[in-house]
Amino acid sequence: MQNHPSTRIFSSYSNRLEGKTILLGITGSVASFLSPKIARELIRHGAKVIPVMSEDGAKMIGKDLMWWATGQEPITKITGRLEHIALAGVMNNPVDLMLIAPCTTNTVAKLHSGIADTPVTLIASSLNGKNIPISILCVAHEDLINSPPIQEGIEKLKTWGIHSIDPVLEEGKAKAPSVEDIMFEVFILLTPKKLRDRTVIITGGPTREYIDNVRYITNSSSGRTGIEFAKEAYLSGANVSLVLGPTHLPVPRNIPTSTVETSEEMYEKVISLLKQTPDAIVILSAAMADFKPKNINIGKIKSGNDLNIHLIPTVKLSDHIKNEYPNSTLVLFKAEWDVGIDVLKERAIEKLNKCKGDLIIANDLSQPGAGFQTITNSVLIIDSNHNAVDLTSTKNQLAQVIIDKIS
């Protein structure tokens, strides 16, 4: 793989799967056209990907395409190298995961019955015998996938420790979900569960404060930071509740999400969640509005004239959490504009002390690549002892660092 073009995309998205070897099982489904893209996404997150193809899978897309996608010679038959034994770790280190995507209903039936007559089913059976993680994405016409033998087979495979990725049901078919959702399922299986049994409440995005029924005051927060924190907490095994203001960014379908608009709605939702779990970890990454109109006009204000709006402060969620729920863990955010590092630190510590927080993340929105509408951020992380650390990274990496600190 050293001179293969796929090395250029290795870990280009993240290093989450670096050091992991993943077998990509490909069976005879029309959805196999997605397999090269799935392989490339795995590589972009740092994985070494080895294709394993049934005869029908190889007919669908050809093994040369998978060699192009991965830089690894696809396994299309079991040879004297004893691939099914070697990959299970009998002669060397075992692989970390086998992802069968797509998995036909025929393959499900074979796995359920112990029939190992293709490289995919033989290797999967061997790995399952060694308790190596396996994940399947079964796609087919809906009536076929809903047939009792196949449903029974999928449920039985789950009891044997084989993970099943839910398809998307539409147009009478069980289709593959987005590649991003497939990646998230892989991450779930391969991420250590540092926050198992903990509850994490995360706010994200902006809020809207209405002037009339069609106009509102808001800010340019994208919600990306909150979504990344929700992803990381979920992958770490936490019971996650994401309270999200208006955003166009996708949220993994696994993550329980409450959508809100106004700061009052966000406040009420977070407090209601805290009443259920008073010792929750609360991460307030949302850019909640600081002001709202004192009065909301009914209908639509006629345009063409000057308009004076009386603004009043919104309720400060961060001020209430530790006073009402002292056993919670509180992670705060502080955004400033065009201030020096000393002033930024001073104001962040002031807020940290006032809110009795456990950690605060401060940034200067005027700095390039920081703040709203970016995938990166440059922040100051300050703990309750006022120890400060600078970090410039992607928002995903920031979320990983903070979740590690919390756990």
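Which of rounded, prolate, oblate describes the range 199-406, given a ≥ b ≥ c as roots of the alpha-carbon gyration tensor eigenvalues and a/c under 1.5 marking rounded, otherwise prolate only if a/b is larger than b/c? Prolate.
Over all pairs of different C-alpha atoms in the chain, the reciprocal of the mean inverse distance, the Kirkwood hydrodynamic radius, equals 23.7 Å. Under a 5 Å amide H cut-off, with hydrogens placed 1.01 Å from N, THR376 pairs with LYS395 among residues at least 5 apart or on other chains. Close amide H contacts of ILE100 (hydrogens built in the peptide plane, cut-off under 5 Å, sequence separation of 5 or more or a different chain): GLY25, SER135, ILE136, LEU137. Could you tell me the calculated FRET efficiency between GLU152 and ASN295, based on Cβ-Cβ distance and R0 = 60 angstrom, to the nearest 0.05? Here the calculated transfer efficiency is 0.50. Among the GluC sites (Glu not before Pro) within the range 149-247, those in coil by DSSP and having at most 15 neighbouring Cβ atoms inside 10 Å are GLU171. The phi-based Karplus calculation (6.51 cos²θ - 1.76 cosθ + 1.60; θ = phi - 60°) puts the 3J(HN,Hα) values of the range 226-243 at x, 5, 5, 5, 5, 4, 5, 5, 5, 4, 7, x, 6, 7, 9, 10, 9, 9 Hz, whole numbers, x for Gly and Pro.
Using a cut-off of under 14 Å, list every residue of the range 353-373 whose amide N is near the label point 7 Å from the Cα of ARG347 along the Cα-to-beta-carbon line. So the set is 361-367, 371.
Amide H contacts under 5 Å for ILE75: VAL52, MET53, restricted to partners 5 or more places along the chain or on a different chain, H placed in the peptide plane at 1.01 Å from N. Leaving out same-chain residues fewer than 8 places away, which aspartates and glutamates sit with a Cα under 18 Å from that of LYS405? Answer for LYS405, where 18 Å is the Cα cut-off: ASP197, GLU228, GLU232, ASP279, ASP358, ASP383, ASP390, listed by chain and number. Computed from Cα atoms, the angle from the helix 395-406 axis to the main principal axis of the chain rounds to 80 degrees. Using alpha-carbon pairs under 8 Å, 6+ residues apart, how would you state the relative contact order of the range 5-190 in percent? Relative contact order, the range 5-190: 21 percent. With respect to the cross-link table entries LYS316/LYS395; LYS194/LYS356; LYS110/LYS194; LYS300/LYS351, which display a Cα-Cα separation exceeding 32 Å? Check vs 32 Å cut-off fails for LYS110/LYS194; LYS300/LYS351.
For a paramagnetic label modelled on ASN239 (point 7 Å from Cα along Cα→Cβ), amide N atoms under 13 Å away belong, within the range 265-308, to 273-281.
Once both labels are positioned 7 Å from their Cα atoms along Cα-to-Cβ, the gap between ASN93 and TRP337 label points is 5.0 nm. The distance separating the Cα centre of the range 232-287 from that of the range 304-338 comes to 16 Å.
Full extension of the chain between GLN367 and LYS130 yields a length gain of 80.2 nm, computed as 0.36 nm times the residue separation minus the alpha carbon distance.
Each of ASP117, ASP181 was scored by other Cβ atoms within 10 Å of its Cβ. Listed from fewest to most, they are ASP117, ASP181.
About its Cα centre, the range 199-406 has a charge dipole of approximately 480 debye under the convention of +1 per Lys or Arg Cβ and -1 per Asp or Glu Cβ, with nothing else charged. Each principal axis of the Cα cloud of the range 195-253 was taken in turn, and the coordinate range along them, longest first, works out to 44, 17, 17 Å.
Counting only alpha carbon atoms, the long axis of helix 341-355 and the longest principal axis of the chain meet at about 90°. For the pair SER178 and ASP64, a Förster radius of 25 Å applied to the C-beta separation gives a FRET efficiency near 0.45, rounded to the nearest 0.05.
Read-outs: derived from the displayed coordinates by stated rules, not from any lab. Please read these numbers as outputs of a predicted model, since none were measured by experiment. Neighbour counts are summed over all protein chains in view; Cβ atoms, including those assigned to glycine, are modelled from backbone coordinates with ideal geometry.
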